[in-house]
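Right, one structure below, let's go through it.
Each value in this text was obtained by applying a stated rule to the coordinates, not by laboratory testing. Worth saying up front: this structure is predicted, and the values here are computed from it rather than measured. Note that each Cβ is placed from the backbone with ideal geometry, even for glycine, and that neighbours are counted across all protein chains shown.
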Amino acid sequence: MFAATLLCQVLLATAAFAIPTSKERFAQRAARRAAGLAHQSQPKALSEGIHQADNLITNTSHVEYSSNWAGAVLIASTATYKSVTGTFTVPTPKEPSGGSGTHSASAWVGIDGDTCGNAILQTGVDFTVSGSSVSYDAWYEWYPDYAYDFSGISFSAGDSVTVTVTATSKTGGSVTIKNNTKGKTVSHTFSGQPALCEYNAEWIVEDFESGGSLVPFANFGTVTFTGASAGLVSGGTAGPSGSTLIDIEQNNKVLTSVSTGSSSVTVSYTG
């Protein structure tokens, strides 16, 4: 009995050494990005600023304020959404007025992260400006793990990009990014992940985290997701019209403006 227990402990210890920890995966990803920023998305965080307080008092319909998300979210109370897609034009990020150094933002589509924060299936493109240098990174993430960079795809300002996430089950699925302009597609498949709720479908521009805090937020101009739709578990699709709108508020200042159409979500930087 003792020998069997000891053998089990040895096997578990060996497995623990063989599987990289989240910190090790994060370090590997950060090394791959070299001089860039290590991205981790987070669930939507409600703003604690004056505009969020005003919104709670007036009970304005379908509008919320967040410190990290801007965009549109479809919300259900049962498992409803199994895929999300949208196409946008890659912007040219700029330093905000009075800003200097490195600033970033990220455009993505995803499932969950609003009313369900257990897991998020998402993929998108980061845009970063540092002085006169602009860079772009494509990534995928199944939160709470960190994001990972795609290789073999590049972007330029003005490129048309389609981003899609698909949950084949609550613990598995796939993500795809297609640069329509350059004719290049990359994808990744997940399995055995923390379970999604499939309550939320979203089209988001995010101020993501790096090193445990929000990165300085870039002036991204305007990102418009066209062909925006969410696949339903029951069959058919839903558009973003009537979804909850979210604007980023930081330091008591609203930095974005969001609007939706029947198949579009427009997020503009207002500074």
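Give me the one-decimal nm value for the distance between modelled label points at Thr78 and Thr115, 7 Å along each residue's Cα-to-Cβ direction.
Here the answer is 1.3 nm between the modelled labels.
Taking 0.36 nm per residue of separation and subtracting the Cα-Cα distance, what length does fully extending Ala195 through Thr237 add?
In short, 12.9 nm is gained.
Taking the stretch 146-192, which trypsin sites (Lys or Arg not before Pro) meet the DSSP loop condition and have no more than 14 other C-beta atoms within 10 Å?
The qualifying sites are Lys182.
Within the stretch 227-271, name every residue whose backbone N is under 14 Å away from a label modeled 7 Å from Cα of Val63 along the Cβ vector.
Under cut-off, by backbone N: 244-249, 254-260.
How long is the gain from Lys182 to Ala157 if the chain were fully straight, where each residue apart is worth 0.36 nm and the alpha carbon distance is subtracted?
Taking 0.36 nm per residue and subtracting the Cα distance, the gain is 7.8 nm.
For the pairs Lys170/Lys253; Lys94/Lys170; Lys82/Lys182, flag any whose C-alpha to C-alpha distance is greater than 31 Å.
Lys170/Lys253; Lys94/Lys170
For His103, His188, what ranking results if the residue with the fewest other Cβ atoms within 10 Å of its Cβ goes first?
His188, His103
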